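**Q** Starting off with a structure, shown below.
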Amino acid sequence: MDSSSRPRRRRRARRSRRRALLSLALSLAAVGGGTAAGAMYMTSWAHPRTAETVSSSASRATEGEEAAVESVTEAAAVDRDALLAAAMGSVDVAEGAEVSVAVLDPDSGESASYGGGAFDTASIVKVDILAALLLQAQDAGRTLTAEEKTYAAAMIENSDNDSTSALWRAIGTADGLDAANERFGLTGTAGGDGPLWGLTQTTAADQLALLRQVFDAEGSELGEASRAYVRELMERIAVGQRWGVSAAADGAEWALKNGWLRRSTTGLWVINSIGRVTAGGHGCLVAVLSRGSATQEEGIALTEAAARAAVSVFAGDTSGAAAEDQPSS
């Protein structure tokens, strides 16, 4: 190699390194938006002999910024379960009665729960039965028949039991329900034996998962038309059944399904309510399960108070009044 070409090669190499450093520095400045780290990197490029010292300072500054962000994030984090537990502290739960509540803010994805265990569904299972029927219809590439729609409307709007039994058989009873629920992500729900759909066992968390299938497009197994159909029926509940989670709404924006059952073995009531409510312009999915109330009215009051407590976790205290009409069946 010609010795005279070596200085030229070295000069080209230095210019290449400078261009690379300048490009990197400008990129960091653009991304950093004038942060301390970005400014320090520019300084280190201008004064290469102090690069090691400046780089160390930049590293410490970046670490400090990350620590500050983590500190702010931790401070901003809210323990929703603790808030719900505190709110439930003011709910009157009669001796021997039990209640389990779950609430979800679909916008943020945050949720809270109180209580646990499996409960009889009573008539809230009717939403699950309709969801299973719609899923099966989707799989078959068809829409619901006129007869199925008649049964579905009566089942959800009026809580008609004969219509429910017809659709329970149509989906394949417990086996059909369980197969659909596996796809819906319900892990703690088991269909009732034989014709006893009302004794399906479920949890508040599972009912929240079911509501997400109906009200949240993301991750739902149900198509938009199917979801809209279920929502429409849940918004047209018969006047005498407009109680439960709707008590937490501050207006007419709600969709629900209630369940009530007096157990022959104990004489005590199972009272459940699931749905979506809007309070303070904020939407929430809510599931309340209860058992052991001495009267139906007592159980309704419990579910409504629990629903208000749940919604207050996200929307502040609400004062939705309980409906005067009571269920007639």
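The values are calculated or read from the model by the stated rules, or taken from the named source; none is laboratory data. Just so you know, these numbers come straight off a predicted model, no measurement behind them. In this analysis, Cβ positions are derived from the backbone assuming ideal geometry, glycine residues included, and neighbour counts consider all displayed protein chains. All accessible areas refer to the heavy atoms of the entire protein, side chains included, with ligands and DNA or RNA removed. Shrake-Rupley method; radii C 1.70, N 1.55, O 1.52, S 1.80 Å.
**Q** Restricting the search to segment 170-220, which residues are surrounded by 19 or more Cβ atoms within 10 Å (Cβ to Cβ), polar (S, T, N, Q) and either in a loop (DSSP other than H, G, I, E, B) or touching a Phe, Trp or Tyr at 6+ places or on another chain (Cβ under 6 Å) (or both)?
**A** T189, T200, T203, Q213
**Q** Looking at G117, G96, which is the one that is within 29 Å of S165 (Cβ to Cβ), in a loop (DSSP other than H, G, I, E, B) and open to solvent by less than 70 Å² (accessible area, probe 1.4 Å)? Even if it seems obvious, please write down each step before you answer.
**A** Values: G96 fails: within 29 Å of S165 (Cβ to Cβ).
Step by step, each of G117, G96 is checked, and only G117 is within 29 Å of S165 (Cβ to Cβ), in a loop (DSSP other than H, G, I, E, B) and open to solvent by less than 70 Å² (accessible area, probe 1.4 Å).
**Q** So which of R242, R276 is open to solvent by 10 Å² or more (accessible area, probe 1.4 Å), of a type outside the set (D, E) and farther than 14 Å from Q207 by Cβ? So that I can check it myself, show each step before the final result.
**A** Details: R276 fails: farther than 14 Å from Q207 by Cβ.
Of R242, R276, the one residue that is open to solvent by 10 Å² or more (accessible area, probe 1.4 Å), of a type outside the set (D, E) and farther than 14 Å from Q207 by Cβ is R242.
**Q** Where the second residue is in a loop (DSSP other than H, G, I, E, B) and of a type outside the set (V, I, T) and the first is within 14 Å of D216 (Cα to Cα) and lies in segment 102-123, which pairs have Cβ atoms under 7 Å and are six or more apart or on separate chains?
**A** P106/D216
**Q** Only one of G259, G267 is at pLDDT 95 or above, among the small types (G, A, S) and either open to solvent by 20 Å² or more (accessible area, probe 1.4 Å) or assigned to a loop (DSSP other than H, G, I, E, B) (or both); which? Spell out how you get there, then give the answer.
**A** On the way: G259 fails: either open to solvent by 20 Å² or more (accessible area, probe 1.4 Å) or assigned to a loop (DSSP other than H, G, I, E, B) (or both).
It is G267.
**Q** Taking segment 226-237, which residues are in contact (Cβ under 8 Å) with a residue 12 or more places away in the chain and surrounded by fewer than 16 Cβ atoms within 10 Å (Cβ to Cβ)? Break it down stepwise before answering.
**A** Filtering segment 226-237 for residues in contact (Cβ under 8 Å) with a residue 12 or more places away in the chain gives 226-227, 229-231, 233-237.
Passing the criteria: R231, R236.
**Q** Specify which of the listed residues (G198, G176, G188, G141) is over 24 Å from W260 (Cβ atoms) and in contact (Cβ under 8 Å) with a residue 24 or more places away in the chain. Working first, answer last.
**A** Numbers: G198 fails: over 24 Å from W260 (Cβ atoms); G188 fails: over 24 Å from W260 (Cβ atoms); G141 fails: in contact (Cβ under 8 Å) with a residue 24 or more places away in the chain.
G176 is the lone residue from the list that is over 24 Å from W260 (Cβ atoms) and in contact (Cβ under 8 Å) with a residue 24 or more places away in the chain.
**Q** Answer yes if at least one residue in segment 72-85 is at pLDDT 95 or above and part of a loop (DSSP other than H, G, I, E, B), and no otherwise.
**A** no
**Q** Run down V93, V99 and say which single residue is more than 19 Å from L211 (Cα to Cα), among the β-branched types (V, I, T) and either under 19 Å from the mean Cα position of the chain (by Cα) or modelled with pLDDT of 95 or more (or both).
**A** Working: V99 fails: more than 19 Å from L211 (Cα to Cα).
Of V93, V99, the one residue that is more than 19 Å from L211 (Cα to Cα), among the β-branched types (V, I, T) and either under 19 Å from the mean Cα position of the chain (by Cα) or modelled with pLDDT of 95 or more (or both) is V93.
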